[in-house]
Structure formats: structure tokens, C-alpha cells
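See below for the structure under consideration.
The values are calculated or read from the model by the stated rules, or taken from the named source; none is laboratory data. For clarity, every value in this text was computed on a predicted model and none was experimentally measured. Using ideal geometry, Cβ is built from the backbone for each residue, glycine included, and neighbour counts are taken over all protein chains shown. Areas reflect the complete protein model, heavy atoms only, side chains present, ligands, DNA and RNA absent. Shrake-Rupley method; radii C 1.70, N 1.55, O 1.52, S 1.80 Å.
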Amino acid sequence: MKILVVGCGKVGSEIARDLAASNEVDSVVAMDASPQNLKLLRKRVPRKMQTIRLSISQKNRLHGLLRKVDLVCGALPGRLGFELISETVKAGRDIVDISYTPRDPFLLEPRAKEVGCRVVPQCGVAPGFTNMCVGDASRRMDQMKSVEIFVGGLPEKPEPPLNYRIVFSLEDVVNEYSRPAQVIEEGKRKKVDALSGRGLTSFPGVGRLEYFLTDGLGSLPRSYPKTREMHEFTLRYPGHAEMMSTLRVLGFFERNLVKIGGVEVEPRQLSIELLRGAMSRGSLEDFLALRVDVKGSSRGKKIHLRYQLLDRYNRSSGVSAMARTTAYPCTSVALLMGGGEIKETGIVTPERIAQDPRLFQFVLDRLAKHGVKMKMATLN
């Protein structure tokens, strides 16, 4: 099996490393436009690894590369993810992608089916692993009534005033704070403001955190349109949401250009650069807290399933909890795909994969081998 990993930043580098360490994989080709990312990756992964400096805008070279591999793992920022999936489908190659693209990946369904390739979109931690939990819950119920997802990657030692440190693309973090959140309320799909629906919760092993709505359901509303309630909440230390909401209301996340001293500036890009410094301070040590609550009924009885996970920075490998929990669902599905376990062509969602208990268990077992352990409980 020869796998191409496109995007070798904080998460993509761990995808490449994990695949290179897998017995099922013969070789990994790591592609990135940044020579620094590739240099760091070569130091971490000396075996079974080839690195190529290449941008997805270089279409001819990209397609030449795609023809030489069996499947692709995409780890680009959301704004580039759809383009990568589209080019991969054109080349007739399978892809597992972690990006949350602004454009709907289902737009590529007809072409993917036509050429007979498989596309697993939004297969990181959230959306991705959270969707798998919902998919597993759905097979255990006759009727699914509500889905509540809580997830957040946070520093172990928060530094005021933001109490947050970037652990993946800052551009995508800002998207979370500015993009309307898709939800289902009282059986109706609608969009609400990001950073709304705030509250406080206690997470075991962590303590008190705040939550707020973000657009992280991915394909779940499409997969389960009859669910009465469905929300995805991001977790942060208390007070963070109010600061980000203030910036958004004041226009700091707007894309429309403003003229300052005769120079046109995009507020969003300026804000990202200013936040980069503030959100890069402090220790690298982080944790990922995740909880998925699914309520419904089975054989006429109410059922409440809870999936919960808490992962921490790996000090021995220097890999963040966010990178671990995002990379391993992707690599696990890639191995399933490469092994011929995912036979359906077209767009195959993470929740659909997890509806097969054998495939979901494969993902859980691989995560557990890396020390990422999910607990499931049935609550009254």
C-alpha cells in the first residue's frame, strides 16, 4: 500500500508518521508546500517516507503524483480541502480527508460514483470521530431523538487573557468562531450564530469548562434528518467565548476590505495574524475533551448513550492530544479503505462506517493502542 499525505502541519505530520509505522503500509509520500514542515517530518520519520514540496495549485505535477499512489489522506486547511478532494476524484483515487470545507463534499458524489472511487470527508476528531460515535449509537436504537456533542482542545496550563493555544490551523479556529452553526431544533434544520448557546459544564479530570455552539456536525444532519435535536458545542475555559464574540461583533472577522491610510486591509486576515502571537504562548502540553450524548428509544424503552474521551499531550513523542485524536481516526479509516473493507463508492461518511460494529471496533482498537481510550456508558 502506497499512501499520499497532503498537508504536513500539526496534524498531517502525525497522520504521515502513524501510517509509516503501520505494517500494512509499504510507503508514504508526504506532500506540502512548506519546506520547513517537510524538514521537520523527515527528522521524525526516517523510514518508509518520501517528501515532496508541492502545492495543490500545481495541477499537472499533482495528478502525476496521484497516479503513483493507492489512496490519499488530506490534511489541508478547510479552504483548500474541497479542491484537494475534487482533484483526487478526477484522478480516480480514494481519499480520507480531515478538513471541514466550506463547500459541500456531496457535490462530488456523482463524479466519485462514476469513476468508482471512495471519499470519506470530515474524518478527523470533530467532525469525524464524533460522527462515528453517533453512527454507533444509531444502530443500537430504533429511534434517535437527540444528539449533543461537546469537544475542545485546550492547554493544560492556560495563559490569560485568552486561555487558549492553537493546536491546529488558526484559520480554521477563526472559522469556528465566525461561521453560522448548523443545528436541528424541534425537528427543523436551521443555522444559528456561532458562539451562541453558551453554558457551563463539568468534565471529569478537567473541571469546569464553558461551551458554545459551533458548526461541527458535518454530515450528521443529512444522515439523520429525523432527529429532533442536534447540536455541536466547542469547549473552552470560561470567558473565552465572550472575548471572541466581541471581536466578531466589532467586525474583526469580516472579509470585506477596509481602507486604512490609503491601504486596503482584510480585518479577518489582520486578526488572524494578531491572534497568532497571543495564541502561540505557553506550554505545548494540551488535552482533548470529548463527550457525545445520544438519546432515543430501543424496543419501546428510553435509552441514553454517552461516549466520552479525554486524551493528553504525549510527552515521550511530543505529539499534541489534538493531533493524536484527529490523526488516528483518519489513519484507521485509511487502513480499512486500503484493506478493501470499505466497498461502497461515492461519499462515505464516518457515521456510516461506524454503523458496522466491526469497523468501528477496528478504529477504537487502533486508538486504544495509541493510548486514546474512549468510554461508552448507558445512562438512566
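Points worth noting:
- Qualifying residue in the stretch 160-174 (condition: surrounded by fewer than 16 Cβ atoms within 10 Å (Cβ to Cβ), touching a residue at least 24 places away in the same chain (Cβ under 8 Å) and either over 22 Å from VAL125 (Cα atoms) or β-branched (Val, Ile, Thr) (or both)): yes
- Residue check, ARG324 in a helix (DSSP H, G or I), over 27 Å from LEU209 (Cα atoms) and either free of Cβ contacts under 8 Å to residues at least 60 places away in the same chain or not polar (S, T, N, Q) (or both): no
- For the stretch 30-65, a residue qualifies if it is open to solvent by less than 40 Å² (accessible area, probe 1.4 Å), within 16 Å of THR331 (Cβ to Cβ) and either assigned to a helix (DSSP H, G or I) or β-branched (Val, Ile, Thr) (or both), and the qualifying residues are LEU41, VAL45.
- Lone unmet requirement of (1) among the aliphatic types (A, V, I, L, M); (2) within 24 Å of LYS295 (Cα to Cα); (3) modelled with pLDDT of 95 or more for LEU379: (3)
- Taken over the stretch 232-267, the criterion of being open to solvent by 20 Å² or more (accessible area, probe 1.4 Å) and under 25 Å from the mean Cα position of the chain (by Cα) is satisfied by TYR237, PRO238, GLY239, GLU242, MET243, LEU247, ARG248, PHE252, GLU254, ARG255.
- Residue within the stretch 335-342 that is closer than 25 Å to TYR100 by Cβ and in a strand (DSSP E or B) present: no
- Single residue of SER271, SER316 found to be over 27 Å from LEU359 (Cβ atoms), open to solvent by 20 Å² or more (accessible area, probe 1.4 Å) and out of contact with any Asp or Glu (no Cβ under 6 Å at 6 or more places or on another chain): SER316
- Residue within the stretch 186-194 that is open to solvent by less than 30 Å² (accessible area, probe 1.4 Å) and part of a helix (DSSP H, G or I) present: no
- For ARG103, the stated conditions hold: it is in a loop (DSSP other than H, G, I, E, B) and either without any contact (Cβ under 8 Å) to a residue 12 or more places away in the chain or loosely packed, with under 15 Cβ neighbours inside 10 Å (or both).
- Residue in the stretch 126-145 that is in a strand (DSSP E or B) and open to solvent by less than 40 Å² (accessible area, probe 1.4 Å) present: yes
- Boolean, SER27 is more than 20 Å from LEU170 (Cα to Cα), open to solvent by 30 Å² or more (accessible area, probe 1.4 Å), in contact with a strand residue (DSSP E or B) (Cβ under 9 Å, 6 or more places away or on another chain) and hydroxyl-bearing (Ser, Thr, Tyr): yes
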